[in-house]
Amino acid sequence: MSTTLHEPAAPFAEPMELLRGMLEERYAVDTDRLTRMTVHAALPQQFGRDMRTLAVQTAYLRQGIAETAHALRRMSEGTYGRCVDCDKAIPLGRLRAAPQATRCVPCRRRKPYGAFTAAARPVR
């Protein structure tokens, strides 16, 4: 009888792949929504939406897409999951709740949103 030893996986390899999948799915969904909204904006009736509402929703989606793309870029660079302020690891629970997060909770609380409008998302 022989026993095969396996190299232990990196401690967060599996959750990181799940987070990558979440981010990639969010990117695809938001990009599709933005495409549909752009088409709706070009149509004469906008399907019951006024141009101002479409502009706000479009800006919100673009910001979300940019945050998601930034998170995916950090993953490929190996900096994902580290707080941009204190360089500590962002807890896995926070990343599951907000996979595009760039700050740990204590640093996030220290950074005020400033003037928040529906057209702009807060920096995470």
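The values are calculated or read from the model by the stated rules, or taken from the named source; none is laboratory data. All of these numbers come straight from a predicted model, not from anything done at the bench. Note that each Cβ is placed from the backbone with ideal geometry, even for glycine, and that neighbours are counted across all protein chains shown.
Residues in the range 67-97 that are basic (K, R) and assigned to a helix (DSSP H, G or I): R73, R74, R94, R96.
Apart from one condition, G81 fits all of (1) without any contact (Cβ under 8 Å) to a residue 60 or more places away in the chain; (2) touching a strand residue (DSSP E or B) at 6+ places or on another chain (Cβ under 7 Å); the exception is (1).
For every residue, the table says whether it meets (1) touching a helix residue (DSSP H, G or I) at 6+ places or on another chain (Cβ under 6 Å); (2) of a type in the set (A, V, I, L, M, F, W, C); (3) modelled with pLDDT under 90; (4) in a helix (DSSP H, G or I).
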{"site": "R52", "(1), (2), (3), (4)": "no, no, yes, yes"}
{"site": "Y60", "(1), (2), (3), (4)": "no, no, no, yes"}
{"site": "I65", "(1), (2), (3), (4)": "yes, yes, no, yes"}
{"site": "P99", "(1), (2), (3), (4)": "yes, no, no, no"}
{"site": "A115", "(1), (2), (3), (4)": "no, yes, yes, no"}
